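Each reported figure results from applying straightforward, stated rules to the coordinates on display, with no laboratory input. As the structure is a computational prediction, the values presented were derived from the model and not from experiment. Here Cβ is always computed from backbone atoms with ideal geometry, including for glycine, and neighbour counts include all displayed protein chains.
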Amino acid sequence: MRIIETENNGSDYPDEKFLNLPMGITEEHAKAIVRAINSGFDDNASRYWKVVPNDYKLIPGFEP
């Protein structure tokens with residue numbers, strides 16, 4: 001499992017980024033990390049972190 005930072009507002013161009021952690025962490029550990037990071041922000045924060053599969057393809061930001 002991997003962890004990404006993404007947009008919280010449902011944009012078509014969320015400019016996602018991976019959290020730099022060793023590959024192969026368990027889903028349980030990934031979810032614990034995400035809970036810890038997200039707990040510092042309210043539900044209306046512009047960005048948040050979530051758990052995704054190892055083969056997840058990042059969605060880029062807007063490029064005119």
Among the residues of segment 11-64, write down those that are charged (D, E, K, R), under 14 Å from the mean Cα position of the chain (by Cα) and under 11 Å from M1 (Cβ atoms).
-> E27, K31, K50, D55
Residues of segment 38-64 classified as closer than 18 Å to G24 by Cβ and either of a type in the set (S, T, N, Q) or in contact (Cβ under 8 Å) with a residue 60 or more places away in the chain (or both), total | 1
Of the numbered conditions (1) among the hydrophobic types (A, V, I, L, M, F, W, C); (2) in a loop (DSSP other than H, G, I, E, B); (3) loosely packed, with under 13 Cβ neighbours inside 10 Å, F41 fails exactly one; give the number of that condition.
-> (3)
